[in-house]
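The values are calculated or read from the model by the stated rules, or taken from the named source; none is laboratory data. What you see is a predicted model, and the numbers here were worked out from it, not measured in a lab. Glycine also receives a Cβ, built like all others from the backbone with ideal geometry; neighbour counts cover every protein chain displayed. Accessible surface areas use protein heavy atoms only, side chains included; no ligands, DNA or RNA. Shrake-Rupley method; radii C 1.70, N 1.55, O 1.52, S 1.80 Å.
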Amino acid sequence: MRSQASMAEAQRHIEPKEDLREQVEGLAPWFQNIDLGHGIETAPDHFLGDYPAFKYSRFADALPEDLAGKSVLDIGCNAGFYSMEMKKRGAGHVLGIDSDERYLEQARLATKVLGYSDIEFAKLDVYDVAELGEKFDLVIFMGVFYHLRHPLLALDLIREHVAGDRMLFQTMQQGTDAVLQVPEDHPFHKAGTNQPPDYFDNPAYPRLHFIEREFAHDWTNWWTPNAACSLAMLRAAGFAIEAHPEPEVYVCRIAPVPYSEYGSAAVYPAREKGK
């Protein structure tokens, strides 16, 4: 029986070279550089280099090598790089979602050429993940958080509706990597005074920087947390940090949602299938 790797290698040679090049160019620009064979890469001149392969190499060891039979949801899948990487580890059901149809077309082309045509792709916003009506063993949520108008809402929805075990999370961060230990219950004033606590002015306090206009010429870059804020928001949404292999990358496990015994922390849509 042919291995999945050998089948994928054979599939790489189905598309005629020039026809494939035309298809790649027709779907440009690509944000993920993917080697399609025939000497064709989707974004060989990427401003970050061989992205995201070089970044993935820095934290790949933090993920299980064997995902046999596991289900994976890739939120903001772009051209499908991480979806395919999880298939290489033996994942079973892999679903990539994105709100941009061009990215989905890129992903469908790349997976077809590379022999991963069993990966599913769908146009869906992160705020609508409840519609999937399914929980996944691994949720990939990379490169999306800082593009969202309502980032904590997205984490809440992922935790409640689709996260079954692990989540691979990445966000752009700004500010210090230091993490300030803050009290569980914040007082209004410093003891014996009417002055506010000093820690709110500490750069290591959990801080989500709001970008009103543009960041790196991108008007969809709304938020850049510092490291303490990334950790705090993940915990607040019900995720425990299992590994932190790179400054902006966190491998999480689902955990109890703080204060859930008092009811929902926020009002948000819960559009499950059939409801």
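Numerical summary
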{"quantity": "Single residue of segment 163-183 satisfying the filter (hydrophobic (A, V, I, L, M, F, W, C) and either open to solvent by 50 Å² or more (accessible area, probe 1.4 Å) or over 15 Å from the mean Cα position of the chain (by Cα) (or both)) that is modelled with the lowest pLDDT", "calculated": "Val182"}
{"quantity": "In segment 14-30, residue modelled with the lowest pLDDT [restricted to those that are exposed (fewer than 12 other Cβ atoms within 10 Å of the Cβ) and not charged (D, E, K, R)]", "calculated": "Ile14"}
{"quantity": "Residue within segment 84-99 that is at pLDDT below 95 and either open to solvent by 50 Å² or more (accessible area, probe 1.4 Å) or touching a Phe, Trp or Tyr at 6+ places or on another chain (Cβ under 8 Å) (or both) present", "calculated": "no"}
{"quantity": "Unmet requirement for Asp218, which otherwise passes all of (1) more than 29 Å from Phe81 (Cα to Cα); (2) open to solvent by less than 70 Å² (accessible area, probe 1.4 Å); (3) of a type in the set (Asp, Glu)", "calculated": "(1)"}
{"quantity": "Qualifying positions in segment 136-174 - in contact with a helix residue (DSSP H, G or I) (Cβ under 9 Å, 6 or more places away or on another chain) and free of Cβ contacts under 8 Å to residues at least 60 places away in the same chain", "calculated": "His150, Ala154"}
{"quantity": "Selection count, segment 127-156, where residues are touching a Gly at 6+ places or on another chain (Cβ under 7 Å) and over 17 Å from Ala227 (Cα atoms)", "calculated": "3"}
{"quantity": "When residues of segment 261-275 are limited to those that are farther than 28 Å from Thr224 by Cβ and at pLDDT 70 or above, the one least open to solvent (accessible area, probe 1.4 Å)", "calculated": "Gly263"}
{"quantity": "Single unsatisfied condition, Asn33 versus (1) at pLDDT 95 or above; (2) part of a helix (DSSP H, G or I)", "calculated": "(2)"}
{"quantity": "All positions within segment 106-162 that are farther than 21 Å from Ala236 by Cβ, among the hydroxyl-bearing types (Ser, Thr, Tyr) and either open to solvent by 60 Å² or more (accessible area, probe 1.4 Å) or within 15 Å of the chain's Cα centre (by Cα) (or both)", "calculated": "Ser117"}
